[in-house]
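The structure appears right after this line, and notes come after that.
The values are calculated or read from the model by the stated rules, or taken from the named source; none is laboratory data. In this text, all values refer to a predicted model and were calculated from it rather than measured experimentally. Here Cβ is always computed from backbone atoms with ideal geometry, including for glycine, and neighbour counts include all displayed protein chains. Calculation scope for accessible area: heavy atoms of the full protein, side chains included, ligands and nucleic acids excluded. Shrake-Rupley method; radii C 1.70, N 1.55, O 1.52, S 1.80 Å.
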Amino acid sequence: MALAFDEYGRPFIILKEQEQKTRLRGIEAQKANISAGKAVARILRTSLGPKGMDKMLQSPDGDVTITNDGATILEQMDVDNQIAKLMVELSRSQDYEIGDGTTGVVVMAGALLEQAERLLERGIHPIRIAEGYEMASRIAVEHLDHIAQKFDFGPTNIEPLVQTCMTTLSSKIVNRCKRPLAEIAVKAVLSVADLERKDVNLDLIKVEGKVGGKLEDTELVYGITVDKDMSHPQMPKKIDDAKIAILTCPFEPPKPKTKHKVDIDTVEKFQTLRQQEQKYFDDMVQKCKDVGATLVICQWGFDDEANHLLMHRNLPAVRWVGGVELELIAIATGGRIVPRFQELTPEKLGRAGLVREKSFGTTKDKMLYIEHCANSRAVTIFIRGGNKMMIEETKRSIHDALCVARNLIRNNSIVYGGGSAEISCSIAVEAAADKYPGVEQYAIRAFADALDSVSIALAENSGLQPIETLSAVKSQQIKENNPHFGIDCNDVGTNDMREQNVFETLIGKQQQILLATQVVKMILKIDDVISPSDF
């Protein structure tokens with residue numbers, strides 16, 4: 001390598017023997033790709049299961065995140081390698097579709113890549129490995145259907161949903177409060193669910209958090225909370241049977257769109273302008289009073305003059321409320337968002353049984369609670385915690401629990417957790433391998449071994465002897481022909497996951513296997529890594 005300068009004195013580097021450099025091709029490229037995928041999986045492996053460790057991530061601007069949510073860890077990792085980016089997208093797609101199992105899907109893909117590397121070293125062609133994996137994934141998904149159980153629940157019987165959400169929350173920081181948080185998540189989902197269509201709109205569930213208080217203070221509000229207070233300190237802090245005008249027009253005189261200039265050279269002209277402005281404010285407040293509004297929620301701000309007038313005319317108001325919150329308030333109260341004062345009518349007002357301002361701790365932090373709404377199909381989960389990181393992690397945990405409850409409403413089939421489903425699938429795939437006479441049977445057996453590695457990771461993270469624990473559970477499943485035996489991560493004393501009430505959704509587990517197989521197939525079929533500098 002040598003340093004040279006062009007005619008303008010700008011430096012450039014000359015690389016010697018550049019033509020002798022070769023890019024990665026064939027088996028070397030495949031091994032390099034597998035190595036990158038395994039590296040990502042290895043990072044997440046230790047955060048799998050109820051005893052999994054957390055990761056601390058620091059962003060370039062110094063923000064610190066502590067989490068064991070697979071999608072969040074990979075989202076915030078600064079990944080350059082293209083294969084590693086595929087693993088990040090794998091976790092993201094599991095998060096978008098299912099919302100839970102983001103760590104498990106990456107660990108599964110890493111195990112499949114590890115097994116594929118051994119098969120490549122034995123001289124088996126990557127296409128045959130990919131085909132074998134595809135066959136094995138079909139067997140595993142069908143077997144999951146076979147061992148799944150239907151869970152009956154209803155508005156009065158929510159225990160099955162709560163138990164499944166508790167399984168999700170048991171691997172998070174918030175596991176000491178998993179029962180109350182699971183109940184909050186299930187009640188929130190059932191409040192907005194359409195059980196006839198088996199559909200849940202998670203946009204109707206708002207998750208808010210405020211630092212202070214303890215995790216046990218987290219509550220479900222049947223309505224909306226807004227991180228605002230009344231615009232004037234002397235306005236009433238509590239309004240019963242509120243009729244709410246939801247406005248996107250500001251309480252201020254209209255401003256012409258053209259460039260304009262007002263010359264005021266006498267006191268009379270100033271007085272006239274001031275009276276005209278006051279008349280504008282008077283008309284706006286009167287329009288709100290005429291339609292029967294007892295509370296105004298405005299997207300924009302208003303100046304001291306308007307604020308003073310609203311207070312004197314006995315019309316409480318809230319200003320600077322965001323667009324998303326306005327929409328949720330409109331949905332919850334059954335009101336309409338009004339863009340002009342001229343369009344305000346009594347039919348467009350929202351109705352709420354109680355609107356109250358609540359203060360927190362010794363600080364001046366206040367929030368507005370809009371409860372007992374006309375349409376209760378919009379709810380808020382209000383999280384409290386000791387610091388910002390705790391609240392953010394609780395939000396992520398609650399999101400996973402909400403997604404699990406939603407998935408159970410869509411499809412109420414469950415499989416048992418603790419690695420029991422993976423071990424049962426491993427036994428089924430191993431048994432099916434003998435039916436395939438070709439080279440693919442090696443890949444099918446490798447797939448069964450990869451399924452076992454998920455259970456081994458669970459045992460390792462729980463401080464158990466991995467090989468001994470897996471062997472004991474596997475022999476117990478085969479002996480008793482019972483697919484409910486898994487890894488006793490919490491040291492309860494029984495391996496039967498049905499007794500421990502450890503459940504996972506069937507569609508979540510099937511999606512994990514299908515997505516992991518698809519991405520691994522894609523990685524195995526790459527035999528040439530071409531970068532722009534190669535040409």
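Go through (1) at pLDDT 85 or above; (2) closer than 15 Å to residue 421 by Cα and name the single condition residue 503 misses.
Failing condition for residue 503: (1).
Between residues in segment 338-352 that are more than 11 Å from residue 247 (Cβ to Cβ) and basic (Lys, Arg) and residues that are open to solvent by 10 Å² or more (accessible area, probe 1.4 Å) and not in a strand (DSSP E or B), which pairs lie under 6 Å by C-beta distance while being six or more apart or on different chains?
Sorted first by the residue in segment 338-352, then by its partner, the pairs are 351/374.
For residue 264, work out the one condition from (1) of a type outside the set (Ser, Thr, Tyr); (2) in a loop (DSSP other than H, G, I, E, B); (3) under 39 Å from the mean Cα position of the chain (by Cα) it doesn't fulfil.
(3)
Can you tell me how many residues in segment 291-326 are without any contact (Cβ under 8 Å) to a residue 12 or more places away in the chain and either within 30 Å of residue 381 (Cα to Cα) or of a type in the set (D, E, K, R) (or both)?
The number of residues fulfilling the criteria is 2.
Does residue 253 satisfy being assigned to a loop (DSSP other than H, G, I, E, B), open to solvent by less than 60 Å² (accessible area, probe 1.4 Å), in contact (Cβ under 8 Å) with a residue 40 or more places away in the chain and not hydroxyl-bearing (Ser, Thr, Tyr)?
On the way: assigned to a loop (DSSP other than H, G, I, E, B): yes; open to solvent by less than 60 Å² (accessible area, probe 1.4 Å): yes; in contact (Cβ under 8 Å) with a residue 40 or more places away in the chain: no; not hydroxyl-bearing (Ser, Thr, Tyr): yes.
So residue 253 does not fit the description; no.
Evaluate segment 503-519: report whether one residue or more is touching a Leu at 6+ places or on another chain (Cβ under 8 Å), of a type in the set (Val, Ile, Thr) and not in a helix (DSSP H, G or I).
yes
What number goes with the only condition from (1) under 18 Å from the mean Cα position of the chain (by Cα); (2) under 28 Å from residue 52 (Cα atoms) that residue 162 does not pass?
If we test residue 162 against (1) under 18 Å from the mean Cα position of the chain (by Cα); (2) under 28 Å from residue 52 (Cα atoms), just (1) comes out false.
Can you name every residue in segment 181-205 that is under 18 Å from residue 383 (Cβ atoms) and not in a helix (DSSP H, G or I)?
Once the filter is applied, which keeps residues that are under 18 Å from residue 383 (Cβ atoms) and not in a helix (DSSP H, G or I), segment 181-205 yields only 205.
So how many residues does segment 373-389 have that are under 24 Å from residue 64 (Cβ atoms) and part of a loop (DSSP other than H, G, I, E, B)?
2
Can you tell me which of 513, 523, 478 is under 30 Å from the mean Cα position of the chain (by Cα) and closer than 19 Å to residue 428 by Cα?
513
For residues that are open to solvent by less than 70 Å² (accessible area, probe 1.4 Å) and assigned to a strand (DSSP E or B), tally how many sit in segment 226-244.
5
Among (1) modelled with pLDDT under 85; (2) within 30 Å of residue 187 (Cα to Cα), where does residue 251 come up short?
If we test residue 251 against (1) modelled with pLDDT under 85; (2) within 30 Å of residue 187 (Cα to Cα), just (2) comes out false.
List every residue pair whose Cβ atoms sit under 7 Å apart, with the two residues 6 or more apart in sequence or on different chains, where the first one lies in segment 32-50 and is at positive phi and the second, anywhere, is assigned to a helix (DSSP H, G or I).
49/458; 49/461
Can you tell me how many residues in segment 40-62 are open to solvent by 20 Å² or more (accessible area, probe 1.4 Å) and either in a helix (DSSP H, G or I) or in the same structural domain as residue 174 (by the TED database) (or both)?
3
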